[in-house]
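In what follows, a single structure is set out as structure tokens and then discussed.
The values are calculated or read from the model by the stated rules, or taken from the named source; none is laboratory data. It should be emphasised that the depicted structure is a prediction, and the values quoted were computed from it without experimental measurement. Counting neighbours? That spans all protein chains shown, and the Cβs are built from the backbone with ideal geometry, glycine included.
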Amino acid sequence: MASYDFLFNSTGLEGWCDTEQSSAPTSMADLMAAAQGTEVEITAWDFPFPSLDALNESCGKIPETRDLTKGLEDGFLAMKDSLRFVLDPITEPLSWMLDGALYLAEVTPWWIVIPLLLLITRMISKSWSLTIGVGASIVGLAFIDHYSYAIQTLSIIFVCAAICVLLGVPIGIAMSRSDRLQRAIIPVLDMLQTLPTFVYLIPLIFLFSVTESKLYGIAIILYAIVPVVRLTDLGIRMVDKDVLEAAQAFGMTPRQKLYQVQIPLALPNIMAGINQTIMMSLAMVVIASLVSAPGLGVLVLRGIRSLELGVGLVAGLGIVILAIILDRVTKAALARVNASQH
Amino acid sequence: MTEPMISIRNLYKVFGSDPKAAMKEVHAGMGKEELREHNGHVLGLKNINVDLQEGEITVIMGLSGSGKSTLVRHFNRLIDPTEGQVLVKGEDVLAYDELQLREMRRKTMSMVFQHFALLPHRTVLQNTALAPVVRGEDKSEYEPEAKKWLERVGLAGYEDSYPHQLSGGMKQRVGIARALTSNAPIMLMDEAFSALDPLIRTDMQDLLLELQVELNKTIVFISHDLDEALKLADHLVILKDGEVVQQGEPQHILLNPEDDYIVDFISDINRARVLRVRSIMEPLNEKIEHSGEIQREDTLEQVIAQTGGESSGTYLVKHEGEPVGELQMSTLVRSLVPQKRSGH
């Protein structure tokens, strides 16, 4: 009846197989054939690839493919408790930081937050025109009652991007000093960057409860940490060999070389990495609204879910404005570093 | 002669995956080309023996690939030799641990680089003060010192500029000021003037000679330019394919080349401008009537100018007012033509 019967018949394994073979029809074609009382003719054209499912039709002892995914799931569930036992305390501070930042953004009145943001912009970029542009954008968002959403999104980005930099720069430095470590980490970075973002939300949902803020925090950090690590590594590796040699010839210790030569000379690259990291946090914070991240993403989600076109579009526009602000401010800082070196 | 400041003894450097094994083949007599074809190792330096005297400028000269930059990096151990000894003031530098080595680099040797190698994120003053900063000295101590040297190399007023705002020649002046601020007795200069325009290069050479008169440092100068080498050198070492072909007083090498390679090398230079009276003069002979006086340190060019192109007669050679020898003009003219080595 099934395509690979001959294989088990000819090798004398049908006895081993038969014990558990079910006679339930498995495909639509089988069902129709059973209803019409005829057998399905298998021509050479339809001859199936010897996959697990095809072999299972002939021999019940062979596992089906869904057993594989089922096994993965069972394995993960079995590991879940011990994994949680380790990861939960480690990641708990992330929840505190995110909740703290969101709480702070909520309780601080707008007339403190907005001037503060402008002051930071002015300090980083040293440009009045940019500061005015940022001010106009935020006031505009506030005017159409998107202020609290925008500030929530910004709070999450600040916390996550800061953690990305705190973790990513040291990892990048370590990578730049050891070729072996670099070879080990690059595939991980590639994977984090190419995995569809929803894919690492799935195991995270199993590990932590959807109401915990660290759930989206981790998702954002995993996604956004990649560029700052890569560019730190690249930046330090690209530091002029002549300058390093001079540092050595004048008797610098490895620590002096790192802090006085390598990091300052790699700074333009590190800053470019930070810029990318912030932009990617912003991209992820929208997706993370699926797992209860507050902010503009929630409005976008509402627009999709209940087909409120206007709400979704305006929130999307708000995200674009935030993206432009963050990009311009970090780029201005980068340009300042570049100008002092070249 | 006093103890040399730096001595290089039987130094070998092999580049490759297993230099020790390759060294055995070098000792068995394998040459540079054979070694590369045979097991892919490059013989960078072969049996180098050089003594550098205190207060002298030693120029190590050779074409690119001759190993001169590799050699100078052995002095402060930016490169470690495969075999041989490096003695600084009689101490074996190769026996130093990390700490002693750093100490030596901080206090005994400074270095000037071909491409300047200034820190782009620091001002000219901060760059100049690199050595004391690395040593952890106090700002109030080193700043006047750094400023003094910047002024000495002609860069007063540029303290707060950044390197990218300076021209190549100015950058190298900072490089020299940086080396001088370290107050190290030994100064390594790796093709320090090669990246500069010819006119600026001449300026810098004059600056170096001028500074050397008052500082009396032990200078190792790497160059691929024979004119520069002859101008600066007290002691000239000529390298070819990682071997010393000839070394000695530059005038002596010019008049007595030991090798066809050297003969080719020196055939193009302006001998009248390089050779000095002292190198070709003869002992004083009282009986001869002298047609005039010339100075011992004059170049032949100056003598020719002074005598108005005359090719006969004998001149009295004086040094600091004392007669020290005499020079026949026919000898002078003969010395302007490079001698072929005997048998060629």
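Test A:A142 against the criterion of being more than 26 Å from A:G316 (Cα to Cα) and in the same structural domain as A:Y259 (by TED's automatic domain parsing), and give yes or no.
no
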State whether the residues of the range A:323-335 include one that is buried (at least 18 other Cβ atoms within 10 Å of the Cβ) and over 30 Å from B:P163 (Cα atoms).
yes
Being aliphatic (A, V, I, L, M), touching a Ser or Thr at 6+ places or on another chain (Cβ under 9 Å) and in contact (Cβ under 8 Å) with a residue 60 or more places away in the chain is the filter; apply it to the range B:146-200 and report the residue that is farthest from B:H121 (Cα to Cα).
B:I186
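Let me confirm something: among A:T43, A:T38, which residue is among the polar types (S, T, N, Q), over 43 Å from the mean Cα position of the chain (by Cα) and modelled with pLDDT of 75 or more?
A:T43
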Quick check on the range B:151-181: of everything there that is under 23 Å from the mean Cα position of the chain (by Cα) and either more than 19 Å from B:T202 (Cα to Cα) or not in a helix (DSSP H, G or I) (or both), which residue is farthest from the other protein chains (Cβ to nearest Cβ)?
B:G154
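Might you let me know whether the range B:219-226 holds any residue that is over 12 Å from B:T128 (Cα atoms), within 14 Å of chain A (Cβ to nearest Cβ) and either part of a helix (DSSP H, G or I) or out of contact with any Lys or Arg (no Cβ under 8 Å at 6 or more places or on another chain) (or both)?
yes
Quick check on A:F76: is it touching a residue at least 60 places away in the same chain (Cβ under 8 Å) and farther than 30 Å from A:V337 by Cβ?
Against the criterion (touching a residue at least 60 places away in the same chain (Cβ under 8 Å) and farther than 30 Å from A:V337 by Cβ), A:F76 qualifies.
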So, in the range A:229-253, how many residues would count as being part of a helix (DSSP H, G or I), out of contact with any Lys or Arg (no Cβ under 9 Å at 6 or more places or on another chain) and within 8 Å of chain B (Cβ to nearest Cβ)?
2
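If I ask for residues that are hydrophobic (A, V, I, L, M, F, W, C) and surrounded by fewer than 17 Cβ atoms within 10 Å (Cβ to Cβ), which ones from the range B:82-100 would you list?
As a first pass, look at the range B:82-100 and keep what is hydrophobic (A, V, I, L, M, F, W, C): B:86-88, B:93-95, B:99.
Residues satisfying the conditions are B:L94, B:A95, B:L99.
Please go through the range B:64-86 and pick out each residue that is on the phi > 0 side of the Ramachandran plot and either touching a strand residue (DSSP E or B) at 6+ places or on another chain (Cβ under 8 Å) or in a strand (DSSP E or B) (or both).
Listed by number, the residues that qualify are B:G67, B:R77, B:G84.
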So is B:V213 within 22 Å of B:E56 (Cβ to Cβ) and either part of a strand (DSSP E or B) or of a type in the set (S, T, N, Q) (or both) or not?
no
Identify, please: which residue in the range B:87-132 is closer than 20 Å to B:M204 by Cβ and part of a helix (DSSP H, G or I) and is, among those, nearest to the other protein chains (Cβ to nearest Cβ)?
B:L130
Name, by its number, the condition in (1) surrounded by 13 or more Cβ atoms within 10 Å (Cβ to Cβ); (2) under 20 Å from A:L282 (Cβ atoms) that does not hold for A:L104.
(1)
Being under 15 Å from A:I321 (Cβ atoms), surrounded by 13 or more Cβ atoms within 10 Å (Cβ to Cβ) and of a type outside the set (V, I, T) is the filter here, so list the residues in the range A:119-137 that pass it.
A:L130, A:G133, A:G135, A:S137
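Scan the range A:236-261 residue by residue and report those that are within 20 Å of A:G168 (Cβ to Cβ), buried (at least 22 other Cβ atoms within 10 Å of the Cβ) and out of contact with any Ser or Thr (no Cβ under 8 Å at 6 or more places or on another chain).
Scanning the range A:236-261 gives no hits.
Among the residues of the range A:151-196, how many are polar (S, T, N, Q) and either within 15 Å of A:L98 (Cβ to Cβ) or not in a helix (DSSP H, G or I) (or both)? Give the derivation first.
Here is the first cut: in the range A:151-196, the ones polar (S, T, N, Q) are A:152-153, A:155, A:176, A:178, A:182, A:193-194.
So of that shortlist, the ones also either within 15 Å of A:L98 (Cβ to Cβ) or not in a helix (DSSP H, G or I) (or both) come out as A:152-153, A:155, A:178.
Of the residues in that region, 4 qualify.
A quick yes/no check of all residues on (1) closer than 22 Å to A:L326 by Cβ; (2) among the hydroxyl-bearing types (S, T, Y); (3) at pLDDT below 95:
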{"position": "A:L141", "(1), (2), (3)": "yes, no, yes"}
{"position": "A:P187", "(1), (2), (3)": "no, no, no"}
{"position": "A:L195", "(1), (2), (3)": "no, no, yes"}
{"position": "A:F198", "(1), (2), (3)": "no, no, yes"}
{"position": "A:S209", "(1), (2), (3)": "no, yes, yes"}
{"position": "A:L215", "(1), (2), (3)": "no, no, yes"}
{"position": "A:I218", "(1), (2), (3)": "yes, no, yes"}
{"position": "A:P227", "(1), (2), (3)": "yes, no, no"}
{"position": "A:E245", "(1), (2), (3)": "no, no, yes"}
What do you reckon, is A:V165 crowded, with 22+ Cβ neighbours inside 10 Å, more than 14 Å from chain B (Cβ to nearest Cβ) and within 19 Å of A:V337 (Cα to Cα)?
no
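What are the residues in the range A:57-92 that are polar (S, T, N, Q) and under 23 Å from the mean Cα position of the chain (by Cα), if any? Even if it seems obvious, please write down each step before you answer.
Let us first name the residues in the range A:57-92 that are polar (S, T, N, Q), namely A:58, A:65, A:69, A:82, A:91.
Passing the criteria: A:T69, A:T91.
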Quick one: in the range A:300-322, which of the residues that are surrounded by 18 or more Cβ atoms within 10 Å (Cβ to Cβ) and under 22 Å from A:A136 (Cα atoms) is farthest from the other protein chains (Cβ to nearest Cβ)?
A:G312
Considering the range B:254-270 alone, what residues qualify as being over 14 Å from B:L230 (Cβ atoms) and in a loop (DSSP other than H, G, I, E, B)?
B:N256, B:E258, B:D259
Does any residue of the range A:169-188 turn out to be under 30 Å from A:T121 (Cβ atoms) and of a type outside the set (A, V, I, L, M, F, W, C)?
yes
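Is it the case, given these coordinates, that A:E57 is of a type in the set (D, E, K, R), assigned to a helix (DSSP H, G or I) and closer than 30 Å to A:S281 by Cβ? I'd like the intermediate steps shown before the answer.
Values: of a type in the set (D, E, K, R): yes; assigned to a helix (DSSP H, G or I): yes; closer than 30 Å to A:S281 by Cβ: no.
Considered against the rule, which asks whether it is of a type in the set (D, E, K, R), assigned to a helix (DSSP H, G or I) and closer than 30 Å to A:S281 by Cβ, A:E57 comes out as no.
Per-residue answers, yes or no, for (1) under 16 Å from B:T58 (Cα atoms); (2) crowded, with 22+ Cβ neighbours inside 10 Å:
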position	(1), (2)
B:Q212	yes, no
B:T218	yes, yes
B:L239	yes, yes
B:E243	no, no
B:R271	no, no
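Looking at B:A229, is it part of a helix (DSSP H, G or I), touching a residue at least 60 places away in the same chain (Cβ under 8 Å) and closer than 25 Å to B:M111 by Cβ?
Numbers: part of a helix (DSSP H, G or I): yes; touching a residue at least 60 places away in the same chain (Cβ under 8 Å): yes; closer than 25 Å to B:M111 by Cβ: yes.
When the stated conditions are applied, B:A229 passes them.
Are any of the residues in the range B:188-203 part of a helix (DSSP H, G or I), within 14 Å of chain A (Cβ to nearest Cβ) and either touching a Lys or Arg at 6+ places or on another chain (Cβ under 9 Å) or buried (at least 16 other Cβ atoms within 10 Å of the Cβ) (or both)?
Just the residues of the range B:188-203 that are part of a helix (DSSP H, G or I), to begin with: B:198-203.
If we keep only those that are within 14 Å of chain A (Cβ to nearest Cβ) too, we end up with none.
No.
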Does A:M279 qualify as being surrounded by fewer than 19 Cβ atoms within 10 Å (Cβ to Cβ) and in contact with an Asp or Glu (Cβ under 8 Å, 6 or more places away or on another chain)?
yes
Given the conditions (1) farther than 20 Å from A:Y147 by Cβ; (2) surrounded by 11 or more Cβ atoms within 10 Å (Cβ to Cβ), report the number of the one that A:W110 does not fulfil.
(1)
